[in-house]
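Contents: one structure, followed by commentary.
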Amino acid sequence: MENKQKLISTSSFVIALTIINLIVYHFSLYLYISQNVDLGTLNGLLSLSVVFVLAFFLTSILFFILFLINSVIAKISISILFFINTLSIYFINNYKIIIDRAMIGNILNTNFEESYDFLHFDLIVYILIFAIIPIFFIFKVNLKKISRIKVFLHGVLIVIISILWIYVNSSTWIWIDKHAKNLGANIMPWSYIINTIRYTSIANSEFRNQKLLPNPIFENDNKMLVVLIIGESARSQNFSLYGYKKNTNPLLSKQNIVVLKNSKSCSTYTTKSLECMLSHDSGNDEYEVLPSYLSRNGVDTIWHSNNWGQASLKVDTYQDRSSLENDCINNQCGYDGSLLNKLETRINNSTSKKIFAVLHQKGSHGPKYSERYPEEFEVFKPVCKSVVLNDCNKDSLVNAYNNSIVYTDYVISNTIDMLKKIAIPSMLIYVSDHGESLGESGLYLHGTPMIIAPKEQTDIPFILWLSDDYKSKIKGIKNLKSYNHFNVFHTTMGAFGLNSEIYLKNLDILEK
Ligand SMILES: [Zn+2]
């Protein structure tokens, strides 16, 4: 029998795939354009056309090149891209994320367990419709024997026509340049390809040896313990200590703490904020970070982490989530309470005069706020259990989030109680890495670029507690107009009585 199945030329297939790519995965791009230009005007329509042509040109060239290499490799690669496109549009549509370099960093720093948090029935529907059907089409089509010269010439023709169109419409360039970040973040698959390259090239350069900071001088030989609790996605707006109407700080409100008003994060994502807290100079990541610096200079340094995202560290004791779990007791297993496991004994056994302990919380990490606290901390009800946050009504979402704050309140207060028991001069710093959006202006989670980040993502709780014997040694707390992550490094230096050319007294919150 003769095979009647129609064969399609490679060039037509590339164009068909490019058009599928532009129709299926670019809803957010068109939405963004329609919200930012007036499509009733000629210039608006030209802007749309230039972005469309640009996206068409970039994508078709990639596909042409893949087919010129080998059609099987091309089909597999494009299928993988369509699959990743599907995941991208799922997150863009459901969480309003912007795929930029920082967001790729967040994604690459997310472990399997966290990404499992995002699994939801909707995602399966997305995969079926937007990935499986187009991929089925890709493999169903039979191609004519490829004529490489023809395919190459067709590719060149598309490049020439596209460039001419973009060139002729140069009046739209200013608008495109102004919106380049958001447009680029929505052009699939380039948004994640380019930003992954940008992220990994910068991350790799960070892996080169961090430069050492100048050695400090110890101004005293006093015993001192500093505990830094790094919060996660906690916003000051939901702390009763910052004026929130619901009582989310039942325990801390009874502790003798200092609440630093008007505190801002330096970024809206974990990695960058940690850099700001732990580096001496505005988040300069070329140098060793605070824990490594202190440890290298004889401060006994402990890092307990229930989270990720810090730069490489050299400390005396490092325990991550799984090693903390080995020692966990009763209902704190799997929650931030396990950060305190064996900490008291470890501190009591230290022979060092100066001890620095960092506890990196999982805090209020979304979207499953309801899984961040043991059951008895579910004081606000009902709670949202879905990972598709706009499925939940606002109250149940805020309730779940508030419960995670109530639990953080407990963890901090418990740490203070531990410090009282240890009874050596000590200071506790609690500061969140960034805030969180809970649906305000349609935004959820965090990671919005800093220039347009809403205050929900940048207004953070920043709290100090000083032991009585330490309080008697200092003059007081500086009343600054605002506080931020850069205070952490220098305040810790000051508390240990460390001086060096990099110590900035004006960033030290303590008056000595
Ligand atoms: Zn974070």
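Residues of segment 27-48 that are surrounded by fewer than 19 Cβ atoms within 10 Å (Cβ to Cβ) and not in a helix (DSSP H, G or I): Asp38, Leu39, Gly40, Thr41.
Filtering Asn341, Asn326, Asn297 for residues that are touching a Cys at 6+ places or on another chain (Cβ under 7 Å) and either surrounded by fewer than 20 Cβ atoms within 10 Å (Cβ to Cβ) or over 24 Å from Ile104 (Cβ atoms) (or both) leaves a single hit, Asn341. Quick check on segment 415-432: of everything there that is in a loop (DSSP other than H, G, I, E, B) and either aliphatic (A, V, I, L, M) or at pLDDT below 95 (or both), which residue is farthest from Asn487 (Cα to Cα)? That would be Ala423.
Confirm whether Ser279 is away from the ligand (no atom under 12 Å from the Cβ) and under 28 Å from Val398 (Cα atoms). In short, no. If you filter segment 371-380 down to residues that are away from the ligand (no atom under 15 Å from the Cβ) and among the charged types (D, E, K, R), you find that the one that is farthest from the chain's Cα centre (by Cα) is Glu376. When each of Leu183, Leu274 is tested for being touching a residue at least 60 places away in the same chain (Cβ under 8 Å), within 16 Å of the ligand (Cβ to nearest atom) and part of a helix (DSSP H, G or I), the lone residue that passes is Leu274. Of all residues in segment 9-38, those that are over 17 Å from Leu183 (Cβ atoms) have Cβ atoms under 8 Å from Cβ atoms of residues that are part of a loop (DSSP other than H, G, I, E, B), 6 or more apart or on another chain, in Ser9/Lys144; Thr10/Lys144; Thr10/Ile146; Thr10/Ser147; Phe13/Val141. Within segment 347-370, if we keep just the residues that are more than 16 Å from the ligand (Cβ to nearest atom) and touching a residue at least 60 places away in the same chain (Cβ under 8 Å), the residue that is surrounded by the fewest Cβ atoms within 10 Å (Cβ to Cβ) turns out to be Asn348.
Restricting the search to helices (runs of 4 or more DSSP H) fully inside segment 442-512 and requiring at least 3 residues that are among the polar types (S, T, N, Q) gives 486-495. Entry remark, segment 219-234: residues being part of a strand (DSSP E or B) and within 21 Å of Pro367 (Cα to Cα) number 2 in total.
Considering Leu313, Leu260, Leu290, Leu251, the condition of being over 20 Å from Gly435 (Cβ atoms), surrounded by 24 or more Cβ atoms within 10 Å (Cβ to Cβ) and either of a type in the set (Phe, Trp, Tyr) or more than 16 Å from the ligand (Cβ to nearest atom) (or both) is satisfied by Leu290 alone. In this entry, Ser201 passes the filter for residues that are under 21 Å from the mean Cα position of the chain (by Cα), surrounded by fewer than 17 Cβ atoms within 10 Å (Cβ to Cβ) and either at pLDDT below 90 or not polar (S, T, N, Q) (or both).
Reported count of residues in segment 419-436, each being over 31 Å from the mean Cα position of the chain (by Cα) and within 12 Å of the ligand (Cβ to nearest atom), is 0. Cβ-Cβ contacts under 8 Å between residues 6 or more apart (or on different chains), taken from a first residue in segment 428-451 that is in contact (Cβ under 8 Å) with a residue 40 or more places away in the chain to a second residue that is among the acidic types (Asp, Glu) and surrounded by fewer than 24 Cβ atoms within 10 Å (Cβ to Cβ), are listed as Gly435/Glu456; Gly435/Asp459; Glu436/Glu456; Leu438/Glu456; Leu443/Glu456; Pro449/Asp100. For segment 77-100, residues that are hydrophobic (A, V, I, L, M, F, W, C) and either touching a Lys or Arg at 6+ places or on another chain (Cβ under 9 Å) or in contact (Cβ under 8 Å) with a residue 60 or more places away in the chain (or both) total 9.
Here Lys96 fulfils each of the conditions (1) out of contact with any strand residue (DSSP E or B) (no Cβ under 8 Å at 6 or more places or on another chain); (2) at positive phi apart from (1). Residues that are in contact (Cβ under 8 Å) with a residue 12 or more places away in the chain and touching a Gly at 6+ places or on another chain (Cβ under 6 Å) do not occur anywhere in segment 238-256.
The values are calculated or read from the model by the stated rules, or taken from the named source; none is laboratory data. The structure displayed is predicted, hence computed values, not measured ones. In this analysis, Cβ positions are derived from the backbone assuming ideal geometry, glycine residues included, and neighbour counts consider all displayed protein chains.
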